[in-house]
Amino acid sequence: MHRAQDASGLAAPEWLSRLLAWSSDPGDSSDLRIRKQIGVSLAAVTIPVFFLYGGFYFANGASGAGWAAVAGGLWDICCLLLYRKTRNYTLFLRLFMPGYQLALLAVHLLLGGFSSSAHVLVYMLVTLLIAPAIAELRQVRAWVCLTVVLLVVAGVAEFFIPHGNPLSANALTVLTICNLLGFCAVVWIPHHLSTLSLHLLNAEVARAHAAADAANQAKSEFLATMSHEIRTPMNGVIGMTGLLLDTPLNPDQREQAQTIRDSAEALMTVINDILDFSKIEAGKMSVEAVPFVLREVLEACLEVLRYKAAEKSIVLTLNAAPDLPEAVRSDPTRLRQILLNLLSNAVKFTPRGEVKLTVTRGEGDRLCFAVQDSGIGLSAEQQGRLFQRYEQAEGGTARQYGGTGLGLAISKTLAELMGGGMSAESAGPGQGSTFRFDIRAPACERPATAKPSASLPDPELASRHPLRILLAEDNAVNQKLALRLLSQMGYRADVAGNGIEALEAVAQQTYDVVLMDVQMPEMDGLEASRRLNQLRTRPDIVAMTANAMQGDREACLAAGMDDYVTKPIRVEALVAALQAVKVRA
């Protein structure tokens, strides 16, 4: 017979496993599920037992007891069929248990009563043992009373039953032994089925957990792919605007190019945070604590939105308290994201008027922020739906104003991770709204470099640190960008369009370093790096990739890469990676 085995290693007959699965419903609690499985399983077990004993009685001349046993088996079959149709477990018990007791009582009486078949009464006492395992307390009490009544009836009927047992002494001996063994089995069955049911339930939980893990893995792979596909064109936008800023421009052109660059940087931050949303769900999101100049971050956020606000004739103002510290220690990237989200929402939902950012000092080392607008406002019901993931205050908001509904939920989570919280208030529709949040940001000394700026490539780097470079990159825009950056440092590089071409180039010429993309056709950068590591001598390998999810850096290093630079490419990061390469003779 085939056997099904659960995660714990406990094996059960396949028919019994199917019966256990069939007996309960998906919405049942664990306790009810176990009770159903034990009750239905016992009904199924008693069917062959009744038929076996019926055959035994027929073979030994006790046809009346045989027909009573067969009737008990047929009754149990009817109870199971009714349960399968109605799924009413209470009705099933009310029919099965009394029928089980009446069948045993009939067998007892037809065999001659107490004087000749006391062993049959043992099974009636089994009711008292199995009832707590399959029913509630009220039903247990009813069956105890029914058992007592039936025993009294049997005792009274004893006086009216003609004595003379058709069973021989040997048959009675066999019957008594079988009943004792059966009694032990029926006592043991509820415990065994309860244990088996728990193990099977645990196995289902384990399977559900494995399915959830597989779903999370699929989501992570999807997010990694989306990260790569989004960051690749953003690398071209940010990189090319950086190159544009390095050329001679008049003041207006430089301001416009810088605004494009800042907007692209802000978009890249939002993209990163949305792609990191899985970290928030998994509780793995972390924040930094680095020194930065507070006012520069505030003004940069307002500057990104100033043009859009001007298009709608919205006055965008900053009200910073005079006692604010010049520099604080917190996470400027996360603070920038929260502010950009709240400010962009305020501008989006304000047809005209004013959007004001107010920053004050709170208790201790806290900073308090308030973004106030004169826009469409919020009703009490809409305020209750704020900060819910994938939801917006009103169903038509996404159609009219756009958006994913993730921004406020992410911002609130980030504020909490930074040691604060977030709330919103509004006097009602058309009355504007105010979003408040606070963070822990202790004052500190002004950092040496207060505001990061686009680093200019050093045109003398190649002469001071000569390198033979191979660029393995399949995207034409990224090829052009990387070659331009390298040329501004004085380097010339060969280009390979995939991992196979990179291996062929290394086999034909000696290189000091390979700038290796990860996702490439035919052979990706990870496999190419593993094969390069099998060579007797190999160039340094620097991952230059749009894969920037959690674990991507570790995967690159595990494949044998020596360094890791993410896209969009930062000049300073590329320079640092090149300077770390040892020049070969």
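The values are calculated or read from the model by the stated rules, or taken from the named source; none is laboratory data. Since we're looking at a predicted model, the values are computed, not measured. Note that each Cβ is placed from the backbone with ideal geometry, even for glycine, and that neighbours are counted across all protein chains shown. These area figures cover heavy atoms from the full protein model, side chains too; ligands, DNA and RNA do not enter into them. Shrake-Rupley method; radii C 1.70, N 1.55, O 1.52, S 1.80 Å.
Check off (1) open to solvent by less than 20 Å² (accessible area, probe 1.4 Å); (2) polar (S, T, N, Q); (3) in a loop (DSSP other than H, G, I, E, B) for Gln431 and give me the number that stays unchecked.
Status for Gln431: all satisfied but (1).
Out of (1) of a type outside the set (Asp, Glu); (2) at pLDDT below 95; (3) open to solvent by 20 Å² or more (accessible area, probe 1.4 Å); (4) not in a loop (DSSP other than H, G, I, E, B), the odd one out for Val355 is which?
That leaves (3) as the condition not met.
Please find, within the range 318-352, the residue that is farthest from the chain's Cα centre (by Cα) out of those that are more than 19 Å from Asp438 (Cα to Cα) and outside any loop (DSSP other than H, G, I, E, B).
The extreme case among them is Val347.
For the range 47-88, give me the residue count where each residue is open to solvent by less than 20 Å² (accessible area, probe 1.4 Å) and in a helix (DSSP H, G or I).
12
Looking for something in a loop (DSSP other than H, G, I, E, B), of a type in the set (Phe, Trp, Tyr), open to solvent by less than 50 Å² (accessible area, probe 1.4 Å) and modelled with pLDDT of 90 or more - is there at least one such residue anywhere in the range 492-511?
For the range 492-511, residues in a loop (DSSP other than H, G, I, E, B), of a type in the set (Phe, Trp, Tyr), open to solvent by less than 50 Å² (accessible area, probe 1.4 Å) and modelled with pLDDT of 90 or more: present.
Looking for something at pLDDT 75 or above and under 16 Å from Ile47 (Cα atoms) - is there at least one such residue anywhere in the range 107-117?
Yes; the residues of the range 107-117 include at least one that is at pLDDT 75 or above and under 16 Å from Ile47 (Cα atoms).
Exactly one condition in (1) of a type in the set (Gly, Ala, Ser); (2) touching a strand residue (DSSP E or B) at 6+ places or on another chain (Cβ under 7 Å); (3) outside any loop (DSSP other than H, G, I, E, B) is not met by Gly560; state its number.
(3)
Check Glu522, Glu527 and return the single one that is over 30 Å from Leu245 (Cβ atoms), under 33 Å from the mean Cα position of the chain (by Cα), not hydrophobic (A, V, I, L, M, F, W, C) and not in a loop (DSSP other than H, G, I, E, B).
Answer to the check: Glu527.
Before we move on, is Val542 modelled with pLDDT of 85 or more and part of a strand (DSSP E or B)?
yes
Within the range 409-428, how many residues turn out to be part of a loop (DSSP other than H, G, I, E, B) and surrounded by 14 or more Cβ atoms within 10 Å (Cβ to Cβ)?
4
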